[in-house]
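J.: Structure in structure tokens, see below.
The values are calculated or read from the model by the stated rules, or taken from the named source; none is laboratory data. Keep in mind it's a predicted model, so treat the numbers as computed, not measured. Counting neighbours? That spans all protein chains shown, and the Cβs are built from the backbone with ideal geometry, glycine included.
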Amino acid sequence: MNPKPRGLPGRELSLPELRLALRAAIQFLLDAAGFFRAGDLTDSLILLAVVQANVAPIMADPALQRRYAGASDTPPDELRRPISINAVAASLRLPFETVRRRVQQMAARGVCEITPRGLVTPQRVLSSPDHLDMLAVNEQAVKALYLRLRRNNILPPPAEHPPPETPPVRAVARISSDFVLRLAEPLVGISGNLLEGLTLIAVFDINTRSLPDHLDGVDAAGFVPDDLRVPATIRAIADRLKVPYEQTRRRLAQLEAEGRCTRSGQGYLIIGQTLARPDLMEAYRASALSLFRMFANLGELGVLGGWEADLAAGGAG
């Protein structure tokens, strides 16, 4: 069993805090995967898995992590570790043929390369203007997530670390991308495959996005009452995931038949009774641990001190 996630030192997160952390993390996952602009969300996660595998040697070496941290510090191709199509498929729980077909399409667009040793996203792609824009957008999204959690007293104040000389946007992207893949793993794992898992995550996100961070009323299981959730329409889910409407409709019909979501008017809900399942509770705890690990790693880069200054000044997140 996973250890209980801890926020402030000396105490465990309450269920409302755990719910808020999960809502914030899922919103970030869906937003961040879209930053890659690789196609639909599945394409983006495949590309993210390739990029993260490529930079694993850099993330494992603190000196390299700092050396190649800034926007102008693109790691050379010889530092990248290729990954096989089979390994990507296994990591995302996708059929091999699905990944092979999508990777070939991305390679044809120049997004990645298929080499004899495996898949690589080369230096020229990661130093392109589009990628540099993505790095800046991602950093602001990570900062907004941090400030939201700190304002709600979920994360502890960071330990003091020397501030970086230049904004380490590449290192922030590597650490936050690792978090996105770690977050997707338990949440998608309970669904059996990536596509169904992403659909359920999108339903949950739309159901809860309009809820305030502080909500006093909960149901008997400690969850938000179902009548406060906003039903997710097929169109809203398809747009959130960047997938065709008809494909989304069929997938939701199957998920409803399996009891994973519930039809409500013109949309779908994941009701409190479903959210209280033991396997989902374990997924929440695993997700919270990944969230805290991400910010601990970012703290070691020295970026949280600057964000704390914005927090103290009441800056927007």
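J.: Which of the following residues is of a type in the set (Gly, Ala, Ser), crowded, with 16+ Cβ neighbours inside 10 Å and under 23 Å from the mean Cα position of the chain (by Cα): SER264, SER287?
T.: Exactly one of SER264, SER287 is of a type in the set (Gly, Ala, Ser), crowded, with 16+ Cβ neighbours inside 10 Å and under 23 Å from the mean Cα position of the chain (by Cα), namely SER287.
Listed here are the residues, each with its yes/no results for (1) surrounded by 15 or more Cβ atoms within 10 Å (Cβ to Cβ); (2) in contact with an Asp or Glu (Cβ under 8 Å, 6 or more places away or on another chain); (3) farther than 19 Å from ALA184 by Cβ.
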| residue | (1), (2), (3) |
| --- | --- |
| ALA63 | no, no, yes |
| GLY70 | yes, no, yes |
| THR74 | yes, no, yes |
| ILE83 | yes, no, no |
| ARG102 | yes, yes, no |
| PRO122 | yes, yes, yes |
| ASN138 | yes, no, no |
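J.: Only one of GLY299, GLY259 is part of a helix (DSSP H, G or I) and over 17 Å from THR208 (Cα atoms). Can you tell me which?
T.: Of the residues listed, the single one that is part of a helix (DSSP H, G or I) and over 17 Å from THR208 (Cα atoms) is GLY299.
J.: Same structure again: Pick out the one residue from PRO163, PRO158 that is assigned to a loop (DSSP other than H, G, I, E, B) and surrounded by fewer than 17 Cβ atoms within 10 Å (Cβ to Cβ). Full working, then the answer.
T.: Numbers: PRO158 fails: surrounded by fewer than 17 Cβ atoms within 10 Å (Cβ to Cβ).
That would be PRO163, the only listed residue that is assigned to a loop (DSSP other than H, G, I, E, B) and surrounded by fewer than 17 Cβ atoms within 10 Å (Cβ to Cβ).
J.: Also: Is it the case, given these coordinates, that ALA309 is hydrophobic (A, V, I, L, M, F, W, C) and either closer than 30 Å to HIS161 by Cβ or in contact with a helix residue (DSSP H, G or I) (Cβ under 7 Å, 6 or more places away or on another chain) (or both)?
T.: Yes; evaluated as a whole, the condition is true for this residue.
J.: Something else: Mind telling me which of the residues PRO225, PRO244, PRO278 ends up being over 24 Å from TYR146 (Cα atoms), surrounded by fewer than 13 Cβ atoms within 10 Å (Cβ to Cβ) and modelled with pLDDT under 90?
T.: Working: PRO225 fails: surrounded by fewer than 13 Cβ atoms within 10 Å (Cβ to Cβ); PRO244 fails: modelled with pLDDT under 90.
Exactly one of PRO225, PRO244, PRO278 is over 24 Å from TYR146 (Cα atoms), surrounded by fewer than 13 Cβ atoms within 10 Å (Cβ to Cβ) and modelled with pLDDT under 90, namely PRO278.
J.: Let me ask something else. Does region 39-61 hold any residues that are touching a residue at least 60 places away in the same chain (Cβ under 8 Å), of a type outside the set (A, V, I, L, M) and farther than 16 Å from SER128 by Cβ, and which are they?
T.: Listed by number, the residues that qualify are GLY39, ASP40, THR42, ASP43, GLN52.
J.: Still on this model: Restricted to region 140-155, and to residues that are assigned to a helix (DSSP H, G or I) and loosely packed, with under 14 Cβ neighbours inside 10 Å, which residue is farthest from the chain's Cα centre (by Cα)?
T.: Going residue by residue through region 140-155, those that are assigned to a helix (DSSP H, G or I) are 140-151.
From the residues that got through so far, the ones that are loosely packed, with under 14 Cβ neighbours inside 10 Å too are 140, 151.
Numbers: GLN140: 14, ARG151: 20 Å.
Taking the candidates together, the pick is ARG151.
J.: Additional query: What's the total number of residues in region 57-107 that are in contact with a Pro (Cβ under 6 Å, 6 or more places away or on another chain) and on the phi > 0 side of the Ramachandran plot?
T.: Qualifying residue count, region 57-107: 0.
J.: Looking only at region 62-80, decide whether some residue is in a helix (DSSP H, G or I), charged (D, E, K, R), modelled with pLDDT under 95 and within 20 Å of ARG240 (Cβ to Cβ).
T.: No, region 62-80 contains no residue that is in a helix (DSSP H, G or I), charged (D, E, K, R), modelled with pLDDT under 95 and within 20 Å of ARG240 (Cβ to Cβ).
J.: Under 8 Å by Cβ, and 6 or more places apart or on different chains, what pairs join a residue from region 173-185 that is farther than 15 Å from ILE46 by Cα with one that is charged (D, E, K, R)?
T.: ALA173/GLU139
J.: From the list TYR245, TYR268, which one is within 19 Å of ILE26 (Cα to Cα) and among the aromatic types (Phe, Trp, Tyr)?
T.: TYR268
J.: Next up: Residue check, ASP239 against (1) outside any loop (DSSP other than H, G, I, E, B); (2) closer than 18 Å to LEU30 by Cα; (3) of a type outside the set (Ser, Thr, Tyr); (4) touching a helix residue (DSSP H, G or I) at 6+ places or on another chain (Cβ under 8 Å), all met but one. Which one?
T.: For ASP239, the failing item is (4).
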